[in-house]
Amino acid sequence: MPPSPAASAGAAASPSGSSPASAAASAADQTTPSWWESVSQARSRILALASILPPQASPDVAALADSDRPARALLRSAAAYDALSGALRAGGGADDPACNWLYDTLHSPDPDLRLAALAFLPLLSSLYLLRLPPALPSSLSGFEAVLLAVYSSEAKNRQGKPVLVRVPDLSVPSLYHTPQSTPSSKSPRRPQPPPIPPPQANVVVGVLSPPLEPQAAVKSTKRAGIIGVAFEAYYAKISQMPPASKVDACNAVAAWAGQYCRCRFELDEEELLEVEEVDSAGSMSPLSTEAENGNGKVLEEELAKMHINGDSSGRNCGKEEAREARVQLPWELLQPVMRVLGHCLLAPLNPVEVRDAAAEAVRVVYARACHDLVPQAILASRSLIELDKSARKAAKAAAIAASGIMVTSGTSGSTASSSRPSSKPNTPSKQRKPDMLLLSK
């Protein structure tokens, strides 16, 4: 495979007398293709993709090469996404044509083509972790090559530096708490108090991602970190990803968490219980009448609600509620996928299926975090659930208000007196009799 223009530009040495800015500008000129070059490269990649797809899907994908922006059309094509997803589910090895196409497309200088390949990262990661351990050492090398390509690109962009976030210091008062003492023209004789010096600001810096080391293979000890870095690259471009890719990301996170027990609805049940307590104030007993009469099943359900006879974490969930696809979720993998879930759950332009998939996934993660007693995951998932509940409640209230306005306007518009305003505001309006039309035969 010939080296990409980015690799050739990185390998070329800059002149000794040139500044770093000019060297970076010249490298950018070499790596950025022209409009016609990007279009021709996108058409060649689309035709290469159509040649490895099944015959029933190949004509629809090949037709994308004739569009004005082929790479953007490929990114937004649902038919191409479904066809390549089916090919990935059936492959994954070293000689898999779908993995080879993704690997070559990720090294393309066209950013739209790289986005089209990056959209398949959640599905590829889900399939890769689901098939571990592999039956043969080379049966998953195609998936690993794609993951390493994304990791290597992200490590090159960071240049060995960590990703930091500056946390605001709440101990420092704002400008409005300590106003500057200015001399007053109205009372010059009154002495002004000395200004209160603000305390020293403690710079709090959090590390979102540590410096990345070069990796030549996906080792078992580095697997979670490599996939987490790949999801960080995916999150950086998530606003441009198609809805099907976001749904696959949410389904992958839910499958990795794998805790499909009733604990995932715990926060929703708390709200329902609060409503029931308000509606049924003054009840005689917390147990139902059937439980008092000796119904063992109902009594067991009532005891389960109170977390009696539970496991070591206080949960009453059977082992059959844990799915086989669940994997270890260290924080280096869970942190980027929680950011992905946050975008899928709260972004206003996401369709309903993306928000519903994210709502299901974040509740499964919450149940898994409660069983594993991971404070960071509990805090993050619980916050997302509360935000989802408040957003859905606000949307429901807005829909009810809109429907009420429509009903009110429809009712008031049915009478003729409401459509004709009175000349005087204090004059009571009298309902007008309906007009009768005489028809002549």
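The values are calculated or read from the model by the stated rules, or taken from the named source; none is laboratory data. On a predicted model such as this, the values are computed, not experimentally measured, just so you know. We place every Cβ from the backbone using ideal geometry, glycine too, and count neighbours over all the protein chains shown. Protein only, heavy atoms only, side chains kept; ligands, DNA and RNA dropped before computing areas. Shrake-Rupley method; radii C 1.70, N 1.55, O 1.52, S 1.80 Å.
The figures follow:
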{"item": "Residue check for LEU121: out of contact with any Cys (no Cβ under 7 Å at 6 or more places or on another chain), within 22 Å of SER220 (Cβ to Cβ) and at pLDDT 95 or above", "result": "yes"}
{"item": "Test: residue in segment 214-224 that is touching a His at 6+ places or on another chain (Cβ under 9 Å), at pLDDT 80 or above and not charged (D, E, K, R)", "result": "no"}
{"item": "Residue check, PHE120 open to solvent by 10 Å² or more (accessible area, probe 1.4 Å) and of a type outside the set (Asp, Glu)", "result": "yes"}
{"item": "Lone qualifier among LEU102, LEU148 - being within 25 Å of ALA42 (Cβ to Cβ), open to solvent by 20 Å² or more (accessible area, probe 1.4 Å), assigned to a helix (DSSP H, G or I) and modelled with pLDDT of 95 or more", "result": "LEU148"}
{"item": "Selected residue (criterion: surrounded by the most Cβ atoms within 10 Å (Cβ to Cβ)) from residues of segment 41-68 that are under 16 Å from LEU106 (Cα atoms) and among the small types (Gly, Ala, Ser)", "result": "ALA42"}
{"item": "Test result for LYS246, at pLDDT 95 or above and surrounded by 10 or more Cβ atoms within 10 Å (Cβ to Cβ)", "result": "yes"}
{"item": "Segment 24-40 - residue that is open to solvent by 80 Å² or more (accessible area, probe 1.4 Å) and in a helix (DSSP H, G or I) and, of those, modelled with the highest pLDDT", "result": "GLU37"}
{"item": "Criterion (under 20 Å from the mean Cα position of the chain (by Cα) and open to solvent by 20 Å² or more (accessible area, probe 1.4 Å)) met by exactly one of ARG76, ARG72", "result": "ARG76"}
{"item": "Any hit, segment 130-139, residues being at pLDDT below 95, open to solvent by less than 10 Å² (accessible area, probe 1.4 Å) and assigned to a helix (DSSP H, G or I)", "result": "no"}
{"item": "Any hit, segment 332-354, residues being open to solvent by 70 Å² or more (accessible area, probe 1.4 Å), in a helix (DSSP H, G or I) and farther than 24 Å from VAL229 by Cα", "result": "yes"}
{"item": "Test: ASP104 is of a type in the set (D, E, K, R) and under 22 Å from the mean Cα position of the chain (by Cα)", "result": "no"}
{"item": "Among the candidates SER417, SER412, SER390, SER383, residue that is loosely packed, with under 11 Cβ neighbours inside 10 Å and either modelled with pLDDT of 70 or more or not β-branched (Val, Ile, Thr) (or both)", "result": "SER390"}
